[in-house]
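First the structure, in the form of structure tokens, and then the observations on it.
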Amino acid sequence: MGKTTGFLEYTRAANTWKPPLERIRDFEEFKLPLKKAERQTQAARCMNCGVPFCQSGENFGGMFSGCPLHNLIPEWNDEIYNGNWRQALNRLLKTSNFPEFTGRVCPALCEAACTCGMLDSSVTVHDNELAIIEEGFRQGWVQPRIPAVRSGKRVAVVGSGPSGLAVADQLNHRGHGVTVFEREDAPGGLLMYGIPNMKLDKKIVRRRIDLMTAEGVEFRVNADVGNTVDPQRLLNDFDAVVLCCGSKTPRDLNVPGRETPGVHFAVDYLTAATKKVVGKTEDFAVTAQGKSIVIVGGGDTGNDCVGTAIRQGCAAVTQLEMMGKPAEERLPNNPWPQWPRVLKTDYGQQEAIAVFGHDPRIYQTTVKEIRPGEDGNIGSVVTVKLESRQVDGRFVMAPVEGSEEELPCGLLLIAAGFTGCQSYAADAFGLTRDNRGSIRTINYRTENPKVFAAGDCRRGQSLVVWAVTEGRACAREVDLALMGYTNLL
């Protein structure tokens, strides 16, 4: 512990953000890092607890709190405070493959469990992590690590999102030959096209892909296993196949008028926007410019749609959330170290408030009907209020009679979550799925002894940090199957 009284002397100072009206002018990252001396002061706030809940990820009260990767947080905070940045990097990379991703987009489960946050503000673990890896790249400490010995075993990884990249990274460093098949035109999965550029600059994704390529991982794009790529070929040519194809089946709206032009799934909309931003297309395939936008879904994806629509120049934006408005502070039934179920106003909502003067979210509301305008495209939506009722022994959100309202709508975006992996990915290998649409596994192994699964296609829709955790755990099982033993962590 570098500064024994640091948590008493210093207050929390997170990375600052560009002002909303400034950052909406472009799709560039808007978070601004602290100076190195300021970051070392923030690391000094780490208490070096007897039981570091931050790194001891556990399920508390039905929700996960603490780091799923079990990052050695007190260790590298101490190294930052003492100026030992290279050693901090070594400790960080011991458990985390891609801290440049989680340091940008993870909701910081670690900070929710920080002991310092029990009575005060938590340590800036999330920002400290990002500072370490970016210092490593800046100083040239992050270099290709090419395995000295190859095993002769070959592994095919289907999907290049965070779980697929983690599987590939782990197995490649173990000495296996790894080929990653990606159906899009660039590797990265949701990191490339599912997360807007202002949250995760695509140069950062390409930097990691380039590093992994230099280390020996082969990436094949426009390769859709089960469609353009024969799955039997993978089974014949590789010693193991790992499915990391995500949870890509979006939850739809079953309402009158659903077929009306101008209704899109959120991820399709975000993908089209990012392809324009990175120069893959000349213009936005779907644009919010000059339109009144309605977004169904109050989560991170819905918030990303708000931020993207504002940058495209929408005339108005409304975000519908089925559940009630969370409390602004922890309630007695939600004590530390549980994940805090409190109101969060994210970057997109902040920008909507700055541009339109009000929070875009409407709680306990959903779309009841979609109505076309005079040109045949969507012109409005009918919304309905919801209330919690007990039906057949369980609570559901049910419509409130007489609460209907009509909202102008030129573009409706559905960000209501996902219902499992796309069926053809599992069917291609003859695999079964559970009632959530996820591939059935036992210790990441499917019914086919050569086929494994990890990430959202196995776990269900989740966080980037969980995808990386899944990829690391799955790589261990693959290595064990190939070699009869494993030394992967």
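Some points to look at:
- With the convex hull drawn over the C-alpha atoms of the range 370-489, the volume per residue is 182 Å³.
- Within the range 1-115, the percentage of alpha carbon pairs spaced more than 18 angstrom apart rounds to 57%.
- The residues Leu72, Leu331, Leu190, sorted by heavy-atom accessible surface at 1.4 Å with ligands and nucleic acids left out, run Leu331, Leu190, Leu72 from largest to smallest.
- Cα lying deepest toward the dipole's positive end in the chain, options Leu489, Ile133, Leu109, charges on Cβ: Leu489
- Percentage, to the nearest whole number, of Cα pairs in the range 47-206 over 18 Å apart: 64 percent
- Gained length - Val391 relative to Asn435, 0.36 nm times residue gap less alpha-carbon distance: 13.8 nm
- Here His70 sits with roughly 90 square angstrom of accessible surface, probe radius 1.4 Å.
- The aspartates and glutamates whose alpha-carbon is closer than 17 Å to the alpha-carbon of Lys153, local same-chain residues fewer than 8 away aside, are Asp169, Glu215, Glu218, Asp237, Asp239, Glu477, Asp479.
- Peptides 242-249, 430-437 ordered by average Cβ neighbours within 10 Å, highest first: 242-249, 430-437
- Charge tally in the Cβ shell below 13 Å around Ser65, where Lys, Arg are +1 and Asp, Glu are -1, Ser65 excluded: 0
- Charge context of Thr301, other residues only, Cβ under 12 angstrom, K/R +1, D/E -1: -2
- Gap separating the Cα centres of the range 440-489 and the range 390-425, nearest whole Å: 32 Å
- Positive-end ranking of Cys409, Ala467, Val451 along the dipole of the range 338-489, with charges on Cβ about the Cα centre, is headed by Val451.
- Under the convention that each Lys and Arg Cβ holds +1 and each Asp and Glu Cβ holds -1, the size of the dipole of the range 316-378 around its Cα centre is about 320 debye.
- Peptides 420-427, 180-187, 213-220, ordered by how many other C-beta atoms sit within 10 Å of their residues on average, highest first, read 180-187, 420-427, 213-220.
- Assuming charge only on the beta carbon of Lys and Arg (+1) and of Asp and Glu (-1), the dipole of the range 106-192 about its Cα centre is about 740 debye to the nearest 20.
- Binned Cα-Cα distances of the range 288-415, short to long, each 10 Å bin given as a whole percent: 13, 37, 33, 13, 3, 0
- Simple Cβ-charge dipole of the range 29-91, Lys/Arg +1 and Asp/Glu -1, about Cα centre, in debye nearest 20: 260 debye
- Residue among Pro99, Gly83, Ser151 farthest towards the positive dipole end of the range 82-224, charges placed on Cβ: Ser151
- Whole-angstrom Cα spans of the chain along principal axes, big to small: 67, 62, 52
- Exceedance of the 25 Å cut-off in Cα-Cα distance is limited, within the set Lys3/Lys202; Lys203/Lys276; Lys31/Lys275; Lys275/Lys385; Lys202/Lys248, to Lys3/Lys202; Lys275/Lys385.
The values are calculated or read from the model by the stated rules, or taken from the named source; none is laboratory data. On a predicted model such as this, the values are computed, not experimentally measured, just so you know. Virtual Cβ from ideal backbone geometry, glycine too; neighbours counted across all protein chains shown. Ligands, DNA and RNA are stripped out before the accessible areas are found, and what is left, the full protein with its side chains, is counted by its heavy atoms. Shrake-Rupley method; radii C 1.70, N 1.55, O 1.52, S 1.80 Å.
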